[in-house]
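Worksheet: one structure, shown below.
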Amino acid sequence: MTRVPLERKVLNENDRLAAGLRQGFLQHGTLCVNLISSPGSGKTMLLERTLAAFEPARRVAVLTGDIQTDNDAQRLARYGFPVRQITTGGACHLDARMVEKALAEWRPESIDLLFIENVGNLVCPSSYDLGEEARVVLLSVTEGEDKPLKYPATFHRADLVVLNKVDLLPYVPFRIELARENARRVQPDIEIVEVSCTTGAGLDTWRDWIETRYAARRAGG
Amino acid sequence: MIEETQPFMHEMSIAASMLEAVQAESARRGAHVLAVGLKVGELSGVDAESLRFCFDALVQDTDLAPLALEIEFRAWRNRCRQCARDFAVESYRTECPQCGSAETEVAGGKELEFSYMEIEDP
């Protein structure tokens, strides 16, 4: 028996496809945002509020992943922008191959902003690079403020945490400063915005964040 | 709508990716693979026991069986941006044990990669 070195990542194939997607996004000046959270944190609602505020001429598109049903795609399609559902048929995450296949139906050069709503899950999506430029994790105040510590693999790869449902803060024991501290423990450079998709509080800050990232991308970042 | 058929839970998808990689290596070398070594980091998002369960379940229906999976767990380590100290993170304590700075970053524990294969001698 002989031991031979085998130095390769397990998800080599996914990483290869993701690198191809990333290259395409860079070339076309597309900002791709991968949105991750637990089920029920408000990903679809945040996207609805985000889409509603864009000028109709804005070149925005959405891919939305779900294990079953196309309910989210139906909700998102009301805003007039192209939306495609990826039904994973049991898989708990999106992978780069699914994104590549879904994008093949569109002209990728015609998309400036691409939002990918991942399957509601804080564990599995973290391992799968989708070629995104920004990874955003949603955490709602009806969850525990220790989520960043329980799911460090997800939070330490994130660029931004959106703390959602802050209108409910008076009614829940969520300590927002502790949540911020926990997120920074896992990723010191992480940015945090507080929003309520119900009242609209903080959504300007979220939109500014998107526009700043988009401008940086157009400038060649 | 795009339909995908994939096994449930991502450890199953990962185990399937592993078997594909081992199958390719086995064919490339023209040798039977007896064991494969894998590094699984604490921050990889993968549960080592679930992965082993899925791997064993999948491998038995392939011509790779019996194939041993040897998992090396890699703990979460951070490095201090102020004093460059490299330290193990225990109980989520990410502040530097040397200078107390909160400015530390991940230095290890993200691994999900192969390290070696044991192949049958010709």
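The values are calculated or read from the model by the stated rules, or taken from the named source; none is laboratory data. Predicted, not measured: the structure shown is a model, and the values here were computed from it. Cβ: placed from backbone, ideal geometry, glycine included. Neighbour counts: every protein chain shown.
Could you check, for the stretch A:37-47, whether at least one of its residues is within 14 Å of another protein chain (Cβ to nearest Cβ) and farther than 30 Å from B:Met117 by Cα? Give the steps one after another, and end with the answer.
The first filter runs over the stretch A:37-47 and keeps only residues within 14 Å of another protein chain (Cβ to nearest Cβ), leaving none.
The answer is no; no qualifying residue exists.
Working carefully through the options B:Glu118, B:Glu11, find the one that is within 12 Å of chain A (Cβ to nearest Cβ) and modelled with pLDDT under 90. Break it down stepwise before answering.
Numbers: B:Glu118 fails: modelled with pLDDT under 90.
Result: B:Glu11 is the single residue among B:Glu118, B:Glu11 that is within 12 Å of chain A (Cβ to nearest Cβ) and modelled with pLDDT under 90.
Restricting attention to the stretch A:140-157 and to residues that are of a type in the set (D, E, K, R) and closer than 18 Å to A:Glu191 by Cβ, the residue that is modelled with the lowest pLDDT turns out to be A:Arg157. Every test in (1) out of contact with any helix residue (DSSP H, G or I) (no Cβ under 8 Å at 6 or more places or on another chain); (2) more than 9 Å from chain B (Cβ to nearest Cβ); (3) of a type outside the set (S, T, N, Q); (4) under 30 Å from B:Val22 (Cβ atoms) is passed by A:Lys101 save one, and that test is (2).
For beta carbons closer than 8 Å, sequence separation of 6+ or different chains, a first residue in the stretch B:36-55 that is closer than 18 Å to A:Leu122 by Cβ and within 9 Å of chain A (Cβ to nearest Cβ) and a second that is among the polar types (S, T, N, Q) and part of a helix (DSSP H, G or I), the qualifying pairs are B:Ser44/A:Ser127; B:Gly45/A:Ser126; B:Gly45/A:Ser127; B:Gly45/A:Thr154; B:Val46/A:Ser127.
Is it fair to say A:Val172 is of a type in the set (A, V, I, L, M, F, W, C) and surrounded by 15 or more Cβ atoms within 10 Å (Cβ to Cβ)?
Working: of a type in the set (A, V, I, L, M, F, W, C): yes; surrounded by 15 or more Cβ atoms within 10 Å (Cβ to Cβ): no.
Taking the combined requirement at face value, the residue does not satisfy it.
In the stretch A:1-19, the residues that are charged (D, E, K, R) form Cβ pairs under 7 Å with partners that are in a helix (DSSP H, G or I), at six or more places apart or across chains, as follows: A:Arg8/B:Ala21; A:Lys9/A:Asp15; A:Glu13/B:Ser17. Between A:Leu63, A:Leu76, A:Leu51, the distinction of being in contact with a helix residue (DSSP H, G or I) (Cβ under 8 Å, 6 or more places away or on another chain), of a type in the set (A, V, I, L, M, F, W, C) and under 15 Å from A:Glu132 (Cα atoms) belongs to A:Leu63 only. When the stretch B:64-122 is filtered for residues that are without any contact (Cβ under 8 Å) to a residue 12 or more places away in the chain, over 27 Å from B:Ala15 (Cα atoms) and either among the hydroxyl-bearing types (Ser, Thr, Tyr) or exposed (fewer than 15 other Cβ atoms within 10 Å of the Cβ) (or both), the ones remaining, listed by number, are B:Ala84, B:Glu90, B:Ser91, B:Tyr92, B:Arg93, B:Gly100, B:Ala102. Per this entry, A:Val162 is not counted among residues that are modelled with pLDDT of 95 or more, surrounded by fewer than 20 Cβ atoms within 10 Å (Cβ to Cβ) and away from every other protein chain (no Cβ under 14 Å).
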